[in-house]
Amino acid sequence: MITLEPPRRLADEAKPWQKLGLSASGLMRFVNRARAAVGLEGEVHVLLAKDATLRRLNRSFRGKNTATDVLSFPAGGGNASGVAGDLAISLETAERQAKQFDHSLRDEVRVLLLHGVLHLAGFDHEKDAGEMAAREAELRRELGLESSLIARVTGSAKGKRVRA
C-alpha cells in the first residue's frame with residue numbers, strides 16, 4: 001500500500017499523483033520487483049510525505065531532529081504478520097534530489113524505495129563494510145535505475161547518471 005501526503009501546493013488538487021508525475025500502482029509494482037530481487041517476503045507499506053513529517057519521524061524514532069529522504073521501519077517479530085515493514089519518503093527532498101541529479105521525481109522515488117527495501121531486508125550501510133552499497137549498485141542495474149543513494153552520499157557517483 002502506498003499513501004500520498006501531498007505537498008501543500010497540491011492539497012486541493014483532485015489528482016495530486018498526476019501533478020507529481022507519479023503513479024501509486026507503478027510505484028507498488030516497482031516495490032514488488034525490488035522486494036523479489038532482494039528476497040524480502042511480506043508487504044511493504046510506503047508513505048510519501050513532506051519534509052516536516054520525515055523530520056518528526058526521524059526525531060521520534062532515531063533522535064535526529066532533521067528531515068531525511070527515506071526512513072525504514074522493519075516489522076518486528078519476523079514475518080508472521082505478512083508485513084515486511086514500512087517506508088517513509090520525503091517528496092520535497094526527493095524533488096530537490098531529482099533536480100540535483102537531473103532525473104525525474106519518479107526515478108528518485110524509485111532510488112529511495114530500493115534503498116529502503118534493502119534496509120527492510122536487513123542491510124545497514126552505516127555498519128557494514130560496503131555490502132549494502134554493492135548490493136544496491138547490483139540491483140540498481142538490474143532494475144534499470146540511475147546512481148544509488150549510497151554512491152551519491154559517499155561521492156562515488158559525483159551526481160552523474162549511471163546506467164546499466
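Given the criterion among the aliphatic types (A, V, I, L, M), touching a Leu at 6+ places or on another chain (Cβ under 6 Å) and part of a helix (DSSP H, G or I), identify the matching residue among VAL111, VAL46.
VAL111
Among the listed residues PHE101, PHE123, which satisfies the condition of being in contact (Cβ under 8 Å) with a residue 40 or more places away in the chain, of a type outside the set (Gly, Ala, Ser), closer than 28 Å to ARG141 by Cα and out of contact with any strand residue (DSSP E or B) (no Cβ under 8 Å at 6 or more places or on another chain)?
Answer to the selection: PHE101.
So which of LEU27, LEU40 is more than 19 Å from PHE123 (Cβ to Cβ) and either assigned to a helix (DSSP H, G or I) or in contact (Cβ under 8 Å) with a residue 40 or more places away in the chain (or both)? Break it down stepwise before answering.
Values: LEU40 fails: more than 19 Å from PHE123 (Cβ to Cβ).
One residue alone meets the criteria, LEU27.
Do we have GLU126 as assigned to a helix (DSSP H, G or I) and either modelled with pLDDT of 85 or more or among the charged types (D, E, K, R) (or both) here?
Details: assigned to a helix (DSSP H, G or I): no; either modelled with pLDDT of 85 or more or among the charged types (D, E, K, R) (or both): yes.
Against the criterion (assigned to a helix (DSSP H, G or I) and either modelled with pLDDT of 85 or more or among the charged types (D, E, K, R) (or both)), GLU126 does not qualify.
Within the stretch 1-24, take every residue that is part of a loop (DSSP other than H, G, I, E, B) and either exposed (fewer than 13 other Cβ atoms within 10 Å of the Cβ) or aromatic (Phe, Trp, Tyr) (or both) and give me the one that is modelled with the highest pLDDT. Reasoning before the result, please.
In the first step, residues of the stretch 1-24 are kept if they are part of a loop (DSSP other than H, G, I, E, B); the result is 1, 5-7, 11-15, 21-23.
Cutting the leftovers down to either exposed (fewer than 13 other Cβ atoms within 10 Å of the Cβ) or aromatic (Phe, Trp, Tyr) (or both) gives us 1, 11-12, 14-15, 21.
Numbers: MET1: 79, ALA11: 78, ASP12: 81, ALA14: 82, LYS15: 84, GLY21: 89.
Only one residue tops the list, namely GLY21.
Going by the conditions given, is GLY130 of a type outside the set (Phe, Trp, Tyr) and either in contact (Cβ under 8 Å) with a residue 60 or more places away in the chain or touching a helix residue (DSSP H, G or I) at 6+ places or on another chain (Cβ under 6 Å) (or both)?
no
The values are calculated or read from the model by the stated rules, or taken from the named source; none is laboratory data. Note that the structure is predicted; figures quoted are calculated from it, not measured. Neighbour counts run over all protein chains shown; Cβ positions are idealised from the backbone, glycine included.
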